[in-house]
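The values are calculated or read from the model by the stated rules, or taken from the named source; none is laboratory data. Just so it is clear, the model here is predicted, and its values are computed rather than measured. All Cβ positions, even for glycine, are placed from backbone atoms using ideal geometry, and neighbour counts span all protein chains on display. The accessibility values were calculated without ligands, DNA or RNA, using every heavy atom of the protein model including side chains. Shrake-Rupley method; radii C 1.70, N 1.55, O 1.52, S 1.80 Å.
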Amino acid sequence: MNNSIKQTQLILLMVLVIAGGKFLSLPGLMAQFAGRDSWISMTLLFVIDLVCLCFVLWAIKLNKGKQLNEILTDTLSPVGAKIIFAIYAVFFILRIMGGLIDTMDLVLSSLSVVTNWIAFIVPMLIVIGFNVLKGARNVGRLAQIFFFFIFISVLLILFLSYKHADFSNLQPYVADGFGVVAKGALNASFWFSDCVFLVFLMGSVTTNKLFGIKISGAFVFGAILTVMLDIVFLSLFGMLAQYSTSALAKVSGFNLTSSSYGRLDWIFVVIWLSSIVIKSILFLWAATMSISYIFNVKSKKGYAIIYGVICLAFIVMPLILPLETFIDDFICQGVGKYFFFSVQYLIPLLLPLLTYLSNKKSKPQSLQEDCDCNQNADCMQRMEGAATRGNGQIEGSGNCLCKDGAPSDARLCESNGKQDDKKGLFNRVKRLWKKITAKKA
Amino acid sequence: MEKNNGKKSVTKKYLKYAFIFLLVAVAFWIVSGYVKSELADRAVVLGIGIDYQEEVFEVTAEVISPGQSTEGGSQVQSKLLVGRGETVPLAIQDIYQTSGKNPSLGQTGFILLGEGMKQQDLRQVLSYFVFSDAFKDGVTVAMCDGTARKIFETTSPLDNMISYALQSIIQQSGQKTNSISNFLQNFIEKQMMPSETSFLSEVRFVKELVPESDKGESDTKTLGVYDCAQINIFKNGKYTGTLSKDETRGFIMMDENMSYDNFVVEDAEGDLNIKGKISIGIASKDAGMDVKMQDGKPTVKFSTQIKLRKMKTDVSGNVMDYLPKTPDEVSGYIKDNVKKQVKELVNAAIEKCVEIDCDYFEIANKMFKTYGNKWKDYQKENPDYLQKTQFSVEIKIID
């Protein structure tokens with residue numbers, strides 16, 4: 001799997017993942033709990049998510065090329081790490097399962113396609129699987145291709161509905177007390193914390209100075225877009241919002257009342273649905289990674305087997321279990337949600353500390369402090385004896401060189417960079433030449 | 001060694017074929033999971049008429065029927081399908097059963113309720129449509145005099161599809177005439193808000209306004225026009241009364257949306273400074289309602305600003321705001337006269353609202369939005385709050 005992902009791709013993914021899938025049954029569900037104030041509950045959850053995201057970004061900044069499984073294994077013991085990954089896997093699978101069941105409802109009601117679960121999910125799983133096995137980089141590319149179209153269709157749905165919306169339907173604000181708003185947020189919390197996928201990209205993302213601001217900005221933009229859509233939905237449907245099963249079908253169906261124009265809204269719905277597919281790919285990739293960490297799987301074949309097992313669960317579980325009722329009653333309104341709090345909120349909030357402790361644990365092998373360079377003790381990040389991982393990162397340790405070409409006194413260091421790890425004959429010769437000149441000096 | 005390699009390549013080859021076979025099998029399996037839904041098996045419904053007679057619902061569906069015109073080209077016409085049942089869903093199912101065509105309601109743009117539906121709780125009947133994701137919530141809903149089926153059996157001189165004709169009269173040209181429309185979602189939602197009241201336009205078929213010479217053109221349907229200038233009021237889903245034409249005009253005058261109306265002023269000076277009956281139209285309107293609780297009593301102040309123009313062929317309320325300011329065309333006498341007429345119309349609508357105890361001005365909704373639960377408690381203690389409400393009307397005529 002190629003999991004290295006560009007910053008631009010990550011930004012687009014963040015916007016799509018935050019907004020994608022949140023316009024199916026969620027607005028109606030939240031309206032059931034918090035009525036016309038459900039948009040405040042949604043905002044509250046986004047604020048909490050933003051705080052968690054800031055902690056994750058902090059951890060990414062502190063991280064020295066380690067992946068999540070290494071950090072958790074270093075700090076929470078291998079068993080602890082495996083438990084966390086098991087919860088993550090269940091969380092991602094249930095999120096996507098619930099989302100795809102809602103998507104099927106939307107497709108059936110808006111496109112008048114009469115089909116069953118298997119005929120709907122199998123083609124979806126094939127598309128998702130192909131992308132999952134290609135790795136996170138592929139999802140990033142998909143986000144780049146589809147973002148513009150999805151964004152335009154969301155805007156069109158928003159603006160077409162805007163003229164019919166009666167925003168006074170949101171008044172009076174918090175009339176039934178903040179407790180109702182908080183309860184609404186608590187019961188819908190399972191459908192949030194989308195940014196946790198970022199923790200699985202630790203060690204695969206290249207960061208720069210503005211990385212944190214850009215990612216947080218993308219999150220805020222996606223959150224604003226989602227809250228705006230929810231506000232338009234509540235303004236349009238007022239007291240009836242709580243009875244809706246699919247907000248998107250309702251809002252888009254509302255737009256064009258004159259039958260002489262046909263159902264142009266269906267085109268927007270179909271385009272918008274691709275954001276759910278992108279989100280499914282990303283979350284199922286994260287689920288596959290979680291399970292691969294549990295069973296220590298590193299080969300492509302292994303990933304394919306894990307994904308196959310997940311597919312089986314996707315096909316069979318909704319047929320033998322009342323999954324929607326389970327998610328609604330046990331997770332959203334029951335105690336199940338507290339079980340997932342550990343991966344939704346606790347791990348992201350603790351991640352900077354865990355990363356710090358993990359870094360500390362491997363400090364003797366640290367790059368900066370062992371090198372005795374004249375300038376900043378900054379090493380050339382290519383060493384003798386260092387092996388290259390599949391994702392292009394350098395693993396292990398070897399002799400290090402200073403940036404200015406001078407040899408370092410230190411003998412061991414660990415690398416987290418990639419600039420000198422380029423393949424190809426030319427780069428290898430260049431590295432060799434550098435090494436020779438450094439030795440001569 | 002070579003033998004082994006040969007065996008391996010043969011196995012690989014078979015594996016390839018097996019994989020292709022598996023793919024084809026899976027594709028067949030998936031496709032068989034989709035239920036065939038041919039266009040020819042469907043009846044695309046443009047409008048629905050619902051009647052209730054002798055404890056049975058009768059649904060009349062106007063469906064598209066492609067056919068050939070006499071000139072050789074294709075022509076889209078509409079046909080009627082009728083179904084009966086104990087409930088509306090059963091009546092629609094009956095259409096499927098008796099015609100063999102599946103009524104496709106995704107394109108429906110109009111619902112017409114017959115007079116018999118006045119006995120029904122419309123919240124319950126219409127919830128079948130409003131809670132369905134495939135049905136458009138913005139469809140125009142109206143009620144008619146007599147049965148909906150009879151209206152569907154008529155046709156207008158310009159539009160042979162009744163659903164389009166009524167949609168265009170009630171909904172689309174509503175801003176340029178003095179008729180008002182309501183749509184499905186708004187009707188149901190308003191019944192569930194503190195005012196518990198909403199309205200539906202009343203459709204009356206007028207045969208007399210079509211010249212005799214035109215009537216021969218339509219062979220099966222009766223030719224006529226439709227008068228939609230009155231509204232029916234519903235409280236808690238039940239019919240409570242019909243506003244007269246003037247009361248309806250007064251109600252529309254206070255509606256925040258743009259609407260058009262015209263007035264006749266006697267003994268006014270026309271364009272040629274000759275006195276006589278002249279027609280004045282509304283060029284633009286800005287209406288609103290202020291609600292307050294004063295001394296423990298609700299007070300409501302209706303205010304509207306109206307821009308008037310003498311009626312000419314190019315007077316259209318919609319575009320006047322974008323035109324350059326024209327010199328004052330109406331005299332003080334005309335303004336005062338129109339002001340008086342508007343006040344009378346609005347007062348008539350207010351009086352009717354108090355008389356039938358139906359809050360179609362949505363005073364309780366606005367009070368709730370302003371005062372929250374305080375108003376809810378007041379409304380609970382004073383269900384006859386309309387009797388206690390103090391109304392005032394302010395009309396401003398602007399240039």
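Only a single item in (1) touching a residue at least 40 places away in the same chain (Cβ under 8 Å); (2) of a type outside the set (S, T, N, Q); (3) within 16 Å of A:LYS82 (Cβ to Cβ) is not met by A:GLY336, and it is number (3).
Cβ-Cβ contacts under 7 Å between residues 6 or more apart (or on different chains), taken from a first residue in the range B:52-63 that is over 17 Å from B:TYR96 (Cα atoms) to a second residue that is of a type in the set (S, T, N, Q) and surrounded by 14 or more Cβ atoms within 10 Å (Cβ to Cβ), are listed as B:TYR52/B:GLN120. The set of residues from the range A:16-45 being surrounded by fewer than 23 Cβ atoms within 10 Å (Cβ to Cβ) and aromatic (Phe, Trp, Tyr) comprises just one member, A:PHE33. Inside the range A:263-311, residues that are within 14 Å of chain B (Cβ to nearest Cβ) and at pLDDT 90 or above make up a count of 3.
In the range A:108-125, the count of residues that are within 21 Å of A:ALA34 (Cα to Cα) and within 14 Å of chain B (Cβ to nearest Cβ) is zero.
When the test is whether a residue is modelled with pLDDT under 85, away from chain B (no Cβ under 12 Å) and closer than 23 Å to A:SER110 by Cα, A:PHE254 does not pass it. Here A:GLY184 passes the criteria (1) open to solvent by 10 Å² or more (accessible area, probe 1.4 Å); (2) more than 16 Å from the chain's Cα centre (by Cα); (3) more than 14 Å from every other protein chain (Cβ to nearest Cβ) except the one numbered (1). Among the criteria (1) at pLDDT below 90; (2) acidic (Asp, Glu); (3) over 17 Å from the mean Cα position of the chain (by Cα), the one B:GLU247 does not fulfil is (1). Scanning the range B:108-128 for residues that are more than 11 Å from every other protein chain (Cβ to nearest Cβ) and within 17 Å of B:GLU62 (Cα to Cα) returns B:ILE111, B:LEU112, B:LEU113, B:GLY114. Each residue in the range B:146-176 was checked for being within 14 Å of chain A (Cβ to nearest Cβ), open to solvent by 10 Å² or more (accessible area, probe 1.4 Å) and in contact with a Phe, Trp or Tyr (Cβ under 6 Å, 6 or more places away or on another chain), and 1 pass. The single condition among (1) at the interface with chain B (Cβ under 10 Å from one of its Cβ atoms); (2) surrounded by fewer than 15 Cβ atoms within 10 Å (Cβ to Cβ) that A:PHE178 does not satisfy is (1).
For the range B:129-145, filtering for residues that are modelled with pLDDT of 90 or more and either surrounded by fewer than 19 Cβ atoms within 10 Å (Cβ to Cβ) or away from every other protein chain (no Cβ under 14 Å) (or both) leaves 2. From the list A:ASP74, A:ASP49, the lone residue that is of a type in the set (Asp, Glu) and open to solvent by less than 10 Å² (accessible area, probe 1.4 Å) is A:ASP49. Beta carbons closer than 9 Å, at least 6 apart along the sequence or on distinct chains, pair a first residue in the range B:157-168 that is farther than 13 Å from B:GLU62 by Cα with a second that is surrounded by fewer than 21 Cβ atoms within 10 Å (Cβ to Cβ) and of a type in the set (Asp, Glu) for B:PRO157/B:ASP214; B:PRO157/B:GLU217; B:SER168/B:ASP159. Mind listing whichever residues of the range B:348-377 are within 14 Å of chain A (Cβ to nearest Cβ) and open to solvent by 30 Å² or more (accessible area, probe 1.4 Å)? Result: B:GLU362, B:LYS366, B:LYS369, B:THR370, B:TYR371, B:ASN373, B:LYS374, B:LYS376, B:ASP377. If I ask for residues that are more than 14 Å from chain A (Cβ to nearest Cβ), in contact with a Ser or Thr (Cβ under 7 Å, 6 or more places away or on another chain) and polar (S, T, N, Q), which ones from the range B:76-93 would you list? B:GLN77, the sole residue that qualifies. Taking the range A:88-206 as the region of interest, the helices (runs of 4 or more DSSP H) fully inside it that hold 2 or more residues being farther than 26 Å from A:LEU319 by Cβ are A:136-162, A:178-188.
Residues that are surrounded by fewer than 16 Cβ atoms within 10 Å (Cβ to Cβ), touching a residue at least 24 places away in the same chain (Cβ under 8 Å) and not in a helix (DSSP H, G or I) within the range B:378-399 comprise B:ASP384, B:GLN390, B:SER392, B:GLU394, B:LYS396, B:ILE398, B:ASP399, listed in sequence order. Every listed requirement among (1) part of a helix (DSSP H, G or I); (2) at pLDDT below 95; (3) open to solvent by 20 Å² or more (accessible area, probe 1.4 Å) is met by A:ILE331 save one, (3).
Among the residues examined, A:PHE130 does not qualify as out of contact with any Leu (no Cβ under 7 Å at 6 or more places or on another chain), away from chain B (no Cβ under 14 Å) and modelled with pLDDT of 90 or more. For the range B:94-107, state whether one or more residues are open to solvent by 20 Å² or more (accessible area, probe 1.4 Å), in contact with an Asp or Glu (Cβ under 8 Å, 6 or more places away or on another chain), touching a residue at least 40 places away in the same chain (Cβ under 8 Å) and within 10 Å of another protein chain (Cβ to nearest Cβ). Within the range B:94-107, one or more residues are open to solvent by 20 Å² or more (accessible area, probe 1.4 Å), in contact with an Asp or Glu (Cβ under 8 Å, 6 or more places away or on another chain), touching a residue at least 40 places away in the same chain (Cβ under 8 Å) and within 10 Å of another protein chain (Cβ to nearest Cβ).
Scan the range B:253-283 for residues that are among the small types (Gly, Ala, Ser), surrounded by fewer than 17 Cβ atoms within 10 Å (Cβ to Cβ) and within 16 Å of B:ILE306 (Cα to Cα) and the total you get is 1.
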